[in-house]
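Please read the structure below before turning to the comments.
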Amino acid sequence: MRDQKPTLHITDALETVVADLCGRLPAFAHIDPRRLLLCAARARRDGAGGTYARIIPLRFPDGTPFRTHNGQRYALPQIPTEHGDVLYLIYVYLPRFFAQPLERRVLTLIHELYHIAPAFDGTIRKCGARAHGGSRASFNARLEPLVEAYLAGDNIPARDILAADFADLARRYTLIGRALAVPKAVRLPSEPGTAELHSAATGPTRRARLPMP
């Protein structure tokens, strides 16, 4: 009888890296990683090109979970935890994220964390008129010293997973991860209370079998 492969929850593993980044790098001292949620998303195409990750804020630009537009009230989903509502979702596109070298994988996570507003209020950091200021390349260049500083440290959690080849992980483990539909603002029928806002959530996160390369 064939031995059953052990299970690896890959989004949990990457969340430990995100928490460690926030704990080690002063640039992210304002972030409470317990109020971030890392989710797996399927890349439409394999290979090293395209989007590797994206961050979704769970507050409108004014920092509130609801707003009025043309007389109609809208709410963003709220995901409650014992540490407070989740303020940001980070989606990692698999297996594309792992098609990068280790330094670029760390840069991808740092890049998304840097988008978090200094107030840590569920909004996105302002970098001029565009999300990355002058250009994505110059935005990433500012972050490369953070990558170097992090990788120079000792005892990085889940480093073996972070540095692994995705196909090799798929051979060694049954890969699962957290899956959650990208949230959208929903229209509310009336003045929302807390219960109504929470009922507007996309539903509970779920574990899903991840795509194999």
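The values are calculated or read from the model by the stated rules, or taken from the named source; none is laboratory data. Because the structure is a prediction, the values reported are computed rather than measured. Here Cβ is always computed from backbone atoms with ideal geometry, including for glycine, and neighbour counts include all displayed protein chains.
Tally the residues that are touching a strand residue (DSSP E or B) at 6+ places or on another chain (Cβ under 7 Å) and either assigned to a strand (DSSP E or B) or free of Cβ contacts under 8 Å to residues at least 40 places away in the same chain (or both), restricting the search to region 63-103.
Total satisfying the criteria: 13.
Determine, yes or no, whether R125 is in contact with a strand residue (DSSP E or B) (Cβ under 8 Å, 6 or more places away or on another chain), surrounded by fewer than 17 Cβ atoms within 10 Å (Cβ to Cβ) and not aromatic (F, W, Y). Let's see the steps before the verdict.
Numbers: in contact with a strand residue (DSSP E or B) (Cβ under 8 Å, 6 or more places away or on another chain): yes; surrounded by fewer than 17 Cβ atoms within 10 Å (Cβ to Cβ): yes; not aromatic (F, W, Y): yes.
So R125 passes the test.
Being of a type in the set (S, T, Y), under 27 Å from A43 (Cα atoms) and modelled with pLDDT under 90 is the filter here, so list the residues in region 161-213 that pass it. Lay out the reasoning, then the answer.
Within region 161-213, the first condition is being of a type in the set (S, T, Y), and the residues that meet it are 173-174, 190, 194, 199, 202, 205.
Remaining after also requiring under 27 Å from A43 (Cα atoms): 173-174, 202, 205.
Hits for region 161-213 are T202, T205.
Please find, within region 1-40, the residue that is farthest from G84 (Cα to Cα) out of those that are among the hydrophobic types (A, V, I, L, M, F, W, C) and in a loop (DSSP other than H, G, I, E, B).
Looking at the filtered set, the residue picked out is M1.
Which residues, taken from region 1-37, are in contact with a Lys or Arg (Cβ under 8 Å, 6 or more places away or on another chain) and of a type in the set (K, R)?
Result: K5, single match.
Which numbered condition in (1) more than 15 Å from the chain's Cα centre (by Cα); (2) buried (at least 20 other Cβ atoms within 10 Å of the Cβ); (3) within 30 Å of D160 (Cα to Cα) is the only one that L94 fails?
Single failed check for L94: (1).
Regarding region 11-29, can at least one residue be identified that is charged (D, E, K, R), closer than 16 Å to A117 by Cβ and surrounded by 20 or more Cβ atoms within 10 Å (Cβ to Cβ)?
No, region 11-29 has no match at all.
When you go through (1) without any contact (Cβ under 8 Å) to a residue 24 or more places away in the chain; (2) surrounded by fewer than 18 Cβ atoms within 10 Å (Cβ to Cβ) one by one for D32, which number turns out not to apply?
(1)
Please enumerate the residues belonging to region 87-122 that are of a type in the set (K, R) and over 21 Å from P145 (Cβ atoms). Step through it out loud before you land on a result.
Step one: of region 87-122, the residues of a type in the set (K, R) are 96, 104-105.
Scanning region 87-122 gives a single hit, R96.
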